[in-house]
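J.: Encoded as structure tokens, here's the structure I'll be asking about.
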Amino acid sequence: MNNSVASFKTANRTITRLMRLTAAGLLAITGAGSASAADSDSPAGRLEKMEALYPPWQSGEDDSTPAQGLVFTVPPVDVMVDFHGSLDQPALVLYASGNYFFALAGLVQAFEKAFPVYRGHVFYETLPPGLLVKQMDAGGTVRSGNMTFTVPPDVFMAEEKASELLVKDGRLAEPLISFATNDLTIMVPAGNPADITGLQDLGRPDLTLIMPNPAFEGVARQIRSSLAKAGGEALAQTVYDTKVADGTTILTRIHHRQTPLFLMHGLGMAGVTWKSEAIFQEKLGHAISHIPIPPEQNTRAVYSAAMVTNAPHPEAAKAWLAFIRTDAAFAPFEPFGFDRYNK
């Protein structure tokens, strides 16, 4: 089993045990009852099942910081899953597209093995690229919950076409290094209860969808392109205009990793994501499956990396860019259905 997947499974088991203790403790304190949390029909059992679905699907075990101190993560009320590493004098800061958040831990660990001088000193974020650009434009300052901090990036990693625009406007420096590709898929609950066979089915008025938000997620443009390939502009407008207006398309609020979460909560019956995300959920044993989109309707993403103009740590950024296309760098991506970029 891939080490990243194994660590995610361990993290999920740990979270489940914590939720069982938390639920049992709340019942004891409130006197609400003595039912076992193992009883899925009890309040504690329902709470345990609900909270076990929440992030973090990444935990401290996937953080390369050697000394983690107090670990305070209480899903779903106190969670910061998109910020990884230590802010104490990082030697390399990566702003990385959240599209492959589950592969970044293994990628950083492989880099630190190749360049031991950076071990424990890599900080990275896995927000949607549109939000990372906003943070970059704010000088690296971000607020999450009641915490505000500033960490300017050295390397920006996102889809190739979006990165090319950032090179043209001077925010990123050449060269732009492309390293992996990914395809779209239709994510559904396990068993495909709505009997979805392809993209054209997403226009059904009875079908509630969970879709990436076009306001800040570049994948929405690629999805719209695939919808048009499958059913013309009418299908694209139905999914992203008509169904949004009538409430049968729910747009994500932070990232399309919300799609599997909402599907597992029964809020929708399908959503288009990257194939890798569906495979990741399936490997974790979550009640998620996917319906392949044929090549003639699919839209492929190419992921790239480039140094940020005026990067605080240019030598570290150059080392990262030299590493990103190696065999060791691609290894964490391979189990999740990515293809290697070979041009």
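J.: Give THR259, THR238, THR252 a once-over and let me know the one that is touching a residue at least 12 places away in the same chain (Cβ under 8 Å), more than 24 Å from LEU131 (Cα to Cα) and among the hydroxyl-bearing types (Ser, Thr, Tyr). Spell out how you get there, then give the answer.
T.: Details: THR259 fails: more than 24 Å from LEU131 (Cα to Cα); THR252 fails: more than 24 Å from LEU131 (Cα to Cα).
None of the others qualify; the one that does is THR238.
J.: Counting residues that are within 16 Å of MET307 (Cα to Cα) and of a type in the set (D, E, K, R), which strands (runs of 3 or more DSSP E) fully inside segment 80-183 reach at least 1?
T.: Qualifying strands (runs of 3 or more DSSP E): 122-125, 155-159, 172-182.
J.: Further, regarding this structure: Given the criteria in contact with a helix residue (DSSP H, G or I) (Cβ under 9 Å, 6 or more places away or on another chain), modelled with pLDDT under 80 and buried (at least 17 other Cβ atoms within 10 Å of the Cβ), does SER34 qualify?
T.: It is false that SER34 is in contact with a helix residue (DSSP H, G or I) (Cβ under 9 Å, 6 or more places away or on another chain), modelled with pLDDT under 80 and buried (at least 17 other Cβ atoms within 10 Å of the Cβ).
J.: So, one more: For segment 184-221, which positions are assigned to a helix (DSSP H, G or I) and over 17 Å from the mean Cα position of the chain (by Cα)?
T.: LEU199, GLN200, ASP201, LEU202, GLY203, ARG221
J.: What is the number of the single condition among (1) surrounded by fewer than 17 Cβ atoms within 10 Å (Cβ to Cβ); (2) outside the structural domain of SER225 (by TED's automatic domain parsing); (3) closer than 30 Å to HIS265 by Cβ that LYS343 does not meet?
T.: (3)
J.: Can I ask one more? Being in contact with a helix residue (DSSP H, G or I) (Cβ under 9 Å, 6 or more places away or on another chain), modelled with pLDDT under 75 and aliphatic (A, V, I, L, M), is that true of even one residue in segment 89-103?
T.: Within segment 89-103, not a single residue is in contact with a helix residue (DSSP H, G or I) (Cβ under 9 Å, 6 or more places away or on another chain), modelled with pLDDT under 75 and aliphatic (A, V, I, L, M).
J.: On the given criteria, is ALA91 buried (at least 23 other Cβ atoms within 10 Å of the Cβ) and in contact (Cβ under 8 Å) with a residue 60 or more places away in the chain?
T.: Against the criterion (buried (at least 23 other Cβ atoms within 10 Å of the Cβ) and in contact (Cβ under 8 Å) with a residue 60 or more places away in the chain), ALA91 does not qualify.
J.: Confirm whether THR185 is over 16 Å from GLY98 (Cα atoms), surrounded by 19 or more Cβ atoms within 10 Å (Cβ to Cβ) and among the polar types (S, T, N, Q).
T.: Values: over 16 Å from GLY98 (Cα atoms): yes; surrounded by 19 or more Cβ atoms within 10 Å (Cβ to Cβ): yes; among the polar types (S, T, N, Q): yes.
Spelling it out, THR185 is indeed over 16 Å from GLY98 (Cα atoms), surrounded by 19 or more Cβ atoms within 10 Å (Cβ to Cβ) and among the polar types (S, T, N, Q).
J.: Right, another one. Would you call GLY140 at pLDDT below 90 and either touching a helix residue (DSSP H, G or I) at 6+ places or on another chain (Cβ under 9 Å) or surrounded by fewer than 22 Cβ atoms within 10 Å (Cβ to Cβ) (or both)?
T.: no
J.: Going through segment 273-325 one residue at a time, which ones are more than 24 Å from GLN222 (Cα to Cα) and outside the structural domain of ALA158 (by TED's automatic domain parsing)? Even if it seems obvious, please write down each step before you answer.
T.: From segment 273-325, those more than 24 Å from GLN222 (Cα to Cα) are 283-287, 307-325; that's our starting set.
LYS283, LEU284, GLY285, HIS286, ALA287 - these are the residues of segment 273-325 that are more than 24 Å from GLN222 (Cα to Cα) and outside the structural domain of ALA158 (by TED's automatic domain parsing).
J.: A further question follows. For residues that are touching a strand residue (DSSP E or B) at 6+ places or on another chain (Cβ under 7 Å) and more than 18 Å from THR299 (Cβ to Cβ), scanning just segment 209-243, find the one that is surrounded by the fewest Cβ atoms within 10 Å (Cβ to Cβ).
T.: LYS243
The values are calculated or read from the model by the stated rules, or taken from the named source; none is laboratory data. Everything numeric here is computed off the predicted structure, so don't read it as measured data. All Cβ positions, glycine included, derive from the backbone under ideal geometry; neighbour counts span all protein chains shown.
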